[in-house]
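The values are calculated or read from the model by the stated rules, or taken from the named source; none is laboratory data. None of the values given here were measured: they were computed from a predicted structure. Cβ coordinates were reconstructed from backbone atoms using ideal geometry, including for glycine residues, and neighbour counts include every protein chain displayed.
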Amino acid sequence: MIEPFSEKQVREGVISYGLSSYGYDLRVSNEFKIFTNVNSAIIDPKAFDEKSFVSVEADTIIVPPNSFALARSIEYFRIPRDVLTICVGKSTYARCGIIVNVTPFEPEWEGYVTLEISNTTPLPARIYANEGLCQILFFQGDEPCEVSYADRKGKYQNQQGIVLPKL
């Protein structure tokens with residue numbers, strides 16, 4: 001279901017990742033898209049302008065104050081038909097004003113996770129690649145769902161990199 005999979009929590013000298021009591025702390029890769037207003041772009045989910053961000057590959061990035069970045073997980077997920085996930089932020093980042101939002105992974109969704117990172121503070125914030133960013137909680141249904149994300153041919157199925165908004 002998760003590749004690569006860390007069967008125990010890794011925490012020595014890093015923001016923890018891997019298997020936890022009831023979830024999995026995923027890692028953020030070194031691929032980021034940091035939002036910028038240099039080009040005076042407007043954020044429009046129906047007509048997303050790629051000039052609204054800069055692409056960066058780095059071991060750490062700085063998210064500007066009151067700004068936003070996209071990233072992707074290191075782990076590739078294959079969600080079973082009877083499972084739904086919810087993402088919650090890790091307290092280490094939350095205590096620094098960093099909020100992570102990931103929509104639920106629906107039954108039979110698969111791909112790398114596109115991660116949304118908000119810096120809610122008036123100060124620049126550092127994000128570390130290859131370390132934990134958020135925790136995925138898994139909920140198993142009593143029976144498989146009637147119609148899965150794969151059945152609906154969901155638009156974000158089989159994501160390979162940072163995927164931008166689609167209609």
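Which of the residues that make up segment 109-147 are outside any strand (DSSP E or B), within 21 Å of the chain's Cα centre (by Cα) and of a type outside the set (V, I, T)?
Result: W109, P124, A129, N130, E131.
List the pairs whose first member sits in segment 36-55 and is farther than 14 Å from A69 by Cβ and free of Cβ contacts under 8 Å to residues at least 12 places away in the same chain, whose second member is of a type outside the set (D, E) and assigned to a loop (DSSP other than H, G, I, E, B), and whose Cβ atoms are under 6 Å apart, counting only residues at least 6 apart or on separate chains?
D49/A41
Filter segment 83-108 for residues that are in a strand (DSSP E or B), out of contact with any Leu (no Cβ under 7 Å at 6 or more places or on another chain) and among the β-branched types (V, I, T) and give the result.
V83, I98, I99
Of the numbered conditions (1) acidic (D, E); (2) at pLDDT below 95; (3) surrounded by 14 or more Cβ atoms within 10 Å (Cβ to Cβ), D44 satisfies every one except a single condition; which is it?
(3)
Of all residues in segment 31-41 being surrounded by 11 or more Cβ atoms within 10 Å (Cβ to Cβ) and not polar (S, T, N, Q), which is farthest from the chain's Cα centre (by Cα)?
This residue is A41.
K155 passes all but one of (1) under 22 Å from P4 (Cβ atoms); (2) of a type in the set (D, E, K, R); (3) surrounded by fewer than 16 Cβ atoms within 10 Å (Cβ to Cβ); which number fails?
(1)
Is it the case that E75 is closer than 16 Å to N158 by Cα, of a type in the set (D, E, K, R) and assigned to a loop (DSSP other than H, G, I, E, B)?
It is false that E75 is closer than 16 Å to N158 by Cα, of a type in the set (D, E, K, R) and assigned to a loop (DSSP other than H, G, I, E, B).
Restricting attention to segment 10-30, and to residues there that are of a type in the set (D, E, K, R) and surrounded by fewer than 18 Cβ atoms within 10 Å (Cβ to Cβ), which single residue is farthest from L133 (Cα to Cα)?
Among those residues, the one meeting the criterion is E12.
Pairs, please: C-beta under 6 Å, at least 6 apart or cross-chain, first residue farther than 18 Å from L164 by Cα and in segment 58-72, second surrounded by 21 or more Cβ atoms within 10 Å (Cβ to Cβ) and β-branched (V, I, T)?
Going by the 6 Å Cβ cut-off, the qualifying pairs are I61/I127.
When both residues are 6+ apart or on different chains and their Cβ atoms are under 7 Å apart, which pairs have a first residue that lies in segment 103-122 and is on the phi < 0 side of the Ramachandran plot, and a second that is part of a loop (DSSP other than H, G, I, E, B) and among the acidic types (D, E)?
The qualifying pairs are P107/D82.
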